[in-house]
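**Q** Pasting a structure below so you can have a look.
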Amino acid sequence: MNRQFLIAFLLFSITGVSVMNAGDGKQQDAGLWLYASVSPKPVAGKWLTTYGVEYRSKENFRETSLWSAVVNVDYIFNPYLRAGAGYEFFLNRQADGKYTPEHRYYPEAILSYTRGAFSTSLRSRIMNTFTQWSDPCWEGRHKLKASHAIPHVRLKPFIAVEPYHDVYPVKQGFTKIRYFAGFTYSVSHQKIDIYYLREDYLHNPFVRNVIQIEYNYAF
């Protein structure tokens, strides 16, 4: 238990310092993102459904950025490949305090491979995010993740990178990139991810620094 606490404390301290320093510049922001989801047992061992809700803050943790809800359905072809689609509904908080709705839907494919304690995965999505059906905005995102299980410890450290790019209309090509570093803690049917996320916008100097906590319950 002491070893687990030490690893968690060190990782959280490093990410916390990164986020605290992020508020010094005018072209940076920091926030906390909280995500909770449930995943029923796969239907026929093939259809995996996840339902989730998320809260995000901004302005160095002082203001709400958005609330969102998501439903995702994937078909498990084999241990290495699954594919499916998802829908997200957002309530974005504006400067005047009012909330505006936004929608997103996407197809996705996930490749994964595990050898011993080492695991890798690649998730690709093509997303349409819009406020009006007549104003589509198609974008691609591709998350490459690597993790390593620590023997006799329930913590699994991981790193990941996720670039975004225009699909339609094409304006700037690659628009931003996210970097992740953190760990997963699993026990019984529950899993929690705690990590630092850095979001770099490629066509302006803005950087977003985030502490994210994700909780999933599978039953």
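**Q** Quickly rank 208-218, 121-131 as a protection proxy: mean count of other C-beta atoms within 10 Å, highest first. Can you show the working numbers first?
**A** Details: 208-218: 17.8, 121-131: 16.1.
Top of the packing list down: 208-218, 121-131.
**Q** Please compute the Kirkwood hydrodynamic radius of the chain from all pairs of different C-alpha atoms, in Å with one decimal. Working shown, then result.
**A** Numbers: mean 1/r = 0.0533 Å⁻¹.
Over the chain, the inverse of the mean reciprocal pair distance is 18.8 Å.
**Q** Right, here's the next one. Given the rule -39500 (n - 2.57) for each run of at least 4 DSSP H residues, summed and divided by the residues of the chain, what is its mean residue ellipticity at 222 nm, to the nearest 500 deg cm²/dmol? Each step should come with its number before you reach the end.
**A** Details: 1 runs with 21 residues, N = 219.
That calculation yields -3500 deg cm²/dmol at 222 nm.
**Q** What whole-number distance in Å separates the alpha-carbon centres of the stretch 29-69 and the stretch 193-219?
**A** Result: 11 Å between the Cα centres.
**Q** If you don't mind, another one. Hey, got the Cα dimensions of the stretch 165-219 along the principal axes, in Å, largest first?
**A** 46, 24, 10
**Q** Pop out the carbon and sulfur fraction of the accessible area of the chain as a percent, whole number, probe 1.4 Å.
**A** Working: 8010 of 12840 Å².
Ligands and nucleic acids excluded, carbon and sulfur give 62 percent.
**Q** Given 46/191; 171/191; 41/145; 41/176; 98/143, which pairs have Cα atoms separated by over 27 Å? Please report the intermediate quantities before stating the final value.
**A** Working: 46/191 21 Å; 171/191 38 Å; 41/145 24 Å; 41/176 35 Å; 98/143 32 Å.
In this structure, 171/191; 41/176; 98/143 exceed 27 Å between Cα atoms.
**Q** Might you tell me the accessible area per residue for the stretch 133-179, computed with a 1.4 Å probe and given in Å²? Can you show the working numbers first?
**A** Numbers: 2870 Å² over 47 residues.
About 61 Å² of surface per residue is accessible.
**Q** What number, in percent, do you get for the relative contact order of the stretch 35-113 if the mean sequence gap of Cα pairs under 8 Å and at least 6 apart is divided by its residue count?
**A** Working: 167 pairs, mean separation 17.4, N = 79.
In percent, rounded to a whole number, it is 22.
**Q** For the stretch 101-114, in order, what is each residue's ³J(HN,Hα) by Karplus, 6.51 cos²θ - 1.76 cosθ + 1.60 with θ = phi - 60°, in whole Hz (x at glycine and Pro)?
**A** x, 8, 10, 8, 9, 7, x, 8, 9, 10, 9, 9, 8, 10
The values are calculated or read from the model by the stated rules, or taken from the named source; none is laboratory data. Keep in mind that this is a model prediction, so the values were computed, not measured. Heads up, the Cβs are rebuilt from the backbone with ideal geometry, glycines too, and the neighbour counts pull from every protein chain shown. These accessible areas exclude ligands, DNA and RNA; they are computed on the full protein's heavy atoms, side chains included. Shrake-Rupley method; radii C 1.70, N 1.55, O 1.52, S 1.80 Å.
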